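Read through the structure below, which is laid out as structure tokens, and then see the notes.
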Number of protein chains: 2
Amino acid sequence: MKQEAFTMSLLLDYYGSLLTEKQRNAFDLYYNQDLSLAEIAEQEGISRQGVHDTINRTEAALLQMEQAIGCIERAGHIRKAMDMIRACAEALSSHEDPTVRKNAESILSAVASVKE
Amino acid sequence: MKQEAFTMSLLLDYYGSLLTEKQRNAFDLYYNQDLSLAEIAEQEGISRQGVHDTINRTEAALLQMEQAIGCIERAGHIRKAMDMIRACAEALSSHEDPTVRKNAESILSAVASVKE
């Protein structure tokens, strides 16, 4: 059942605060710490099937939140725009005119300040 | 009880899909359509107190979602960075060097493409 770990980890970053502690914990152990279902079951003192069900339900809940709120999709658009802006500003950052260089540096700083 | 309508409307844009239809509807009528509690009560066929309670609970739920997910805070940071980038690119958009103008135009297009 293991889904693409990077996507699942991103979903947890954005929406993890809306999960229960039990869901967040199982999900973190499975996707971020890469423990097996059996290892999580042993550590948490519940059945392997119980862990399996919790993780499945948590995945469904996170995907539903992304569908409703769209943080990750929005972050993708922003990242694409930032990549374009950064490339253009870098092309100007060694221009002979100091005013151009100064504006390019300010643009690069602003790009660097954005948390997607 | 009426909260700042612009903030409430933003919260509804970001997190409205996570509300029930009843909550979303009452909230929209109150904050976007500017109906009174009595008018909503009449239109929906429920008590004024019922509308009041629904809107209060919906406000609390939306504020909790923002605290957990932070879409509006993140959008504020991005808007600030975009304003800075736009100002710098505009300053370069009439530069005598066509390469500078071209890069500035590309940056302005990328800024315009961002949906916060």
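The values are calculated or read from the model by the stated rules, or taken from the named source; none is laboratory data. Not measured: the values here are computed from a predicted model. We place every Cβ from the backbone using ideal geometry, glycine too, and count neighbours over all the protein chains shown. Accessible surface is based on the protein model in full, side chains and every heavy atom, while ligands, DNA and RNA are left aside. Shrake-Rupley method; radii C 1.70, N 1.55, O 1.52, S 1.80 Å.
Run down B:Ala89, B:Ala60 and say which single residue is under 30 Å from A:Thr99 (Cα atoms), of a type outside the set (Ser, Thr, Tyr) and either in contact with a strand residue (DSSP E or B) (Cβ under 8 Å, 6 or more places away or on another chain) or part of a helix (DSSP H, G or I) (or both).
B:Ala89
For residues in the stretch B:4-30 being within 21 Å of B:Gly76 (Cα to Cα) and of a type in the set (Phe, Trp, Tyr), which is modelled with the lowest pLDDT?
Per the criteria, the residue is B:Phe6.
Matching residues to (1) touching a helix residue (DSSP H, G or I) at 6+ places or on another chain (Cβ under 6 Å); (2) surrounded by fewer than 13 Cβ atoms within 10 Å (Cβ to Cβ):
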| residue | (1), (2) |
| --- | --- |
| A:Ala68 | yes, no |
| A:Ile72 | yes, no |
| A:Ala87 | no, no |
| A:Thr99 | no, yes |
| A:Asn103 | yes, no |
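Scanning the stretch B:92-115 for residues that are outside any helix (DSSP H, G or I) and facing another protein chain (nearest Cβ under 8 Å), which turns out farthest from A:Ala68 (Cα to Cα)?
Top of the filtered list is B:Asp97.
Against the definition (surrounded by 15 or more Cβ atoms within 10 Å (Cβ to Cβ) and more than 9 Å from chain A (Cβ to nearest Cβ)), how does B:His77 come out, yes or no?
no
Residue by residue through the stretch B:52-61, note down the ones that are over 19 Å from A:Tyr15 (Cβ atoms) and open to solvent by less than 30 Å² (accessible area, probe 1.4 Å).
Once the filter is applied, which keeps residues that are over 19 Å from A:Tyr15 (Cβ atoms) and open to solvent by less than 30 Å² (accessible area, probe 1.4 Å), the stretch B:52-61 yields B:Thr54, B:Ile55, B:Thr58, B:Glu59.
From A:Gln64, A:Gln49, which residue is at pLDDT below 95 and open to solvent by 40 Å² or more (accessible area, probe 1.4 Å)?
Result of the check over A:Gln64, A:Gln49: A:Gln64.
Inspect all residues belonging to the stretch B:13-25 and state whether any of them is more than 14 Å from every other protein chain (Cβ to nearest Cβ) and either without any contact (Cβ under 8 Å) to a residue 24 or more places away in the chain or crowded, with 19+ Cβ neighbours inside 10 Å (or both). Even if it seems obvious, please write down each step before you answer.
Narrowing the stretch B:13-25 to residues more than 14 Å from every other protein chain (Cβ to nearest Cβ): B:22, B:25.
If we keep only those that are either without any contact (Cβ under 8 Å) to a residue 24 or more places away in the chain or crowded, with 19+ Cβ neighbours inside 10 Å (or both) as well, we get B:25.
There is at least one residue in the stretch B:13-25 that is more than 14 Å from every other protein chain (Cβ to nearest Cβ) and either without any contact (Cβ under 8 Å) to a residue 24 or more places away in the chain or crowded, with 19+ Cβ neighbours inside 10 Å (or both).
Given the conditions (1) at positive phi; (2) within 12 Å of chain A (Cβ to nearest Cβ), which single one is not true for B:Gly45?
(2)
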